[in-house]
């Protein structure tokens, strides 16, 4: 038998008391884990939803400095001159370090076309990426292909065209596949067709005017991606749409601050509860500690025994608290948000929660352990 | 073997201080069986705790087996207690969640003996006090007399040279008390020095010498 055996027997043979001591820690850890897990899931859901707001990086040819307002959002300087990006260069985007963070790449070519005797801005798009880059259009890419056009609402009114009409552009017949609802952006004044058709009509084969990139921001610094893209595509200007990024980052920051605040409060409460319950336990066991001291245990032997108990109980509490907290977060997510809250297992959360509990439990056990080790055997045994 | 020289023990200070021992000097030879008697509050238990290296005197010195125990550090005194002394208390002070065998093994916990050696020594000690068949019982599952015997087994498991007992029969009936005193007598005959505090003249009769304490002084 060693001193730590005595500690283990105390914990295993007085399960009720041990459970009482760790109940505070279990509740604290469970609350901490559920708050972190639930907020993490909420954060993921928010990010997921925010990413539906389209592109957050714009690549344009690098030339003069006329500002272009795009959908009310400031983008890089672009030129009205006919400088374009070679479509073949876009393959280089796949070579950047953070390529896995790219959700969609949407090259587009823009030029002036004549429809029914009126000049109109014609843009060729990669229809496949529309549902990511322009989710607000609410269109299914499968319905669009070569030979079809989409008309902005104002353009359709001005040109007097509607869905199903056939329009002639530079001698090519194109079917109006859809008329967009009002978006409040420049899209309202434009007509769109697929990239290849537009390149052909505008005599810009193999060229693109602009590339929109949707980057998944979670855990990826968009600024770094901008640098990587700039290096991969010389002669272009790569700009992050600051408003989109900053709003995403701001939201994440608020959630992070809230969780941090709650976590600190929980840790402090947890620590105080553990200290208090362990102090009570030490008081209850003063006879026992007194006899240990009387029969030869040194102060440090008592200190080690109590700290060993604190450590073991903290590990048990951390494990139990994590399981309970994670389950509670799942239950909470199911009850409040159904599938819209993206619950996921995060090993980092488990590691942090366990570490915080063990460190807090151990630290909270120091004061009771020191108090116990300094118990005077005569005082503790009273009768002597 | 034990040389107590002019011990003074005061609790508290100034006008509110209380003197528990007032200049006690005493010599106890190796192999003696001493009974300390006195009224409650006379200072006999304080004297026992001072001899037991647990209660630093305000002044004076205590030598046990040639060691001035209060010149040792706290840790050294703890080791000294574990190696040289055995304690028996009126309230047994068995650890409630340990079996009788484990309770007896507690003083061996800090020794470098193997697990089997510790087990065998503790078992032998329990057998010596007649509890060889109840080794795996918890203290709450045996009688008061058996608890006291287990406490005695724990006190002697390290074969101490000095056994200190504070009212060892205080909570026991007369018959069990006699059994305990017979054990003490046996230990003493095997060469162990015993210092016992008691109220009972009957149990003091087992001792070779009786010391009376009153008002913190030896009166007889």
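If a residue must be out of contact with any helix residue (DSSP H, G or I) (no Cβ under 6 Å at 6 or more places or on another chain) and away from chain A (no Cβ under 13 Å), how many such residues does the range B:96-131 contain?
Residues meeting the conditions: 4.
Identify the residue in the range A:168-184 that is closer than 17 Å to residue A:138 by Cβ and in contact with a strand residue (DSSP E or B) (Cβ under 8 Å, 6 or more places away or on another chain) and, among all such residues, is surrounded by the most Cβ atoms within 10 Å (Cβ to Cβ).
A:180
Residue check: is residue A:328 surrounded by fewer than 18 Cβ atoms within 10 Å (Cβ to Cβ), touching a helix residue (DSSP H, G or I) at 6+ places or on another chain (Cβ under 6 Å) and away from chain B (no Cβ under 14 Å)?
Yes: the conditions hold for residue A:328.
Kindly list the number of the only condition in (1) farther than 24 Å from residue A:89 by Cα; (2) assigned to a helix (DSSP H, G or I); (3) within 39 Å of the chain's Cα centre (by Cα) that fails for residue A:121.
(2)
For residue A:271, which of the numbered conditions (1) in contact (Cβ under 8 Å) with a residue 24 or more places away in the chain; (2) within 14 Å of chain B (Cβ to nearest Cβ); (3) part of a helix (DSSP H, G or I) fails to hold?
The number of the failed condition is (2).
Considering only residues of the range B:25-47 that are within 16 Å of residue B:217 (Cβ to Cβ) and in contact with a helix residue (DSSP H, G or I) (Cβ under 6 Å, 6 or more places away or on another chain), which is nearest to the other protein chains (Cβ to nearest Cβ)?
B:36
Restricting the range B:9-24 to residues that are surrounded by fewer than 22 Cβ atoms within 10 Å (Cβ to Cβ) and in contact (Cβ under 8 Å) with a residue 60 or more places away in the chain, which is farthest from the other protein chains (Cβ to nearest Cβ)?
Looking at the filtered set, the residue picked out is B:23.
Yes or no: residue A:334 within 28 Å of the chain's Cα centre (by Cα), surrounded by fewer than 19 Cβ atoms within 10 Å (Cβ to Cβ) and assigned to a helix (DSSP H, G or I)?
In short, yes.
Please enumerate the residues belonging to the range A:133-173 that are without any contact (Cβ under 8 Å) to a residue 60 or more places away in the chain, more than 15 Å from residue A:114 (Cα to Cα) and part of a helix (DSSP H, G or I).
Hits for the range A:133-173 are A:137, A:141, A:142, A:143, A:153, A:154, A:157.
Output the residue which, of all residues in the range B:79-95 that are touching a helix residue (DSSP H, G or I) at 6+ places or on another chain (Cβ under 7 Å) and part of a helix (DSSP H, G or I), is farthest from the other protein chains (Cβ to nearest Cβ).
Among those residues, the one meeting the criterion is B:80.
Give me the residue from the range A:11-61 that is outside any helix (DSSP H, G or I) and at pLDDT 80 or above and, out of that set, farthest from the chain's Cα centre (by Cα).
Here the answer is A:14.
Pick from the range B:132-147 the residues that are within 13 Å of another protein chain (Cβ to nearest Cβ) and out of contact with any helix residue (DSSP H, G or I) (no Cβ under 7 Å at 6 or more places or on another chain): which of them is surrounded by the fewest Cβ atoms within 10 Å (Cβ to Cβ)?
The qualifying residue surrounded by the fewest Cβ atoms within 10 Å (Cβ to Cβ) is B:140.
Given the options A:176, A:213, name the one that is modelled with pLDDT of 85 or more, in a strand (DSSP E or B) and under 24 Å from residue A:104 (Cβ atoms).
A:213
Looking at A:292, A:345 in this structure, which one is closer than 20 Å to residue B:103 by Cβ and either touching a helix residue (DSSP H, G or I) at 6+ places or on another chain (Cβ under 9 Å) or within 14 Å of chain B (Cβ to nearest Cβ) (or both)?
The conditions single out A:292.
Just one of the numbered conditions (1) away from chain B (no Cβ under 14 Å); (2) surrounded by 22 or more Cβ atoms within 10 Å (Cβ to Cβ); (3) not in a helix (DSSP H, G or I) is not true of residue A:306; which one?
Going through the list (1) away from chain B (no Cβ under 14 Å); (2) surrounded by 22 or more Cβ atoms within 10 Å (Cβ to Cβ); (3) not in a helix (DSSP H, G or I), residue A:306 breaks only (3).
The values are calculated or read from the model by the stated rules, or taken from the named source; none is laboratory data. Computed from a prediction, not measured in an experiment: that's the story for all the values here. As a convention, Cβ positions derive from the backbone with ideal geometry for all residues, glycine included, and neighbour counts pool all protein chains shown.
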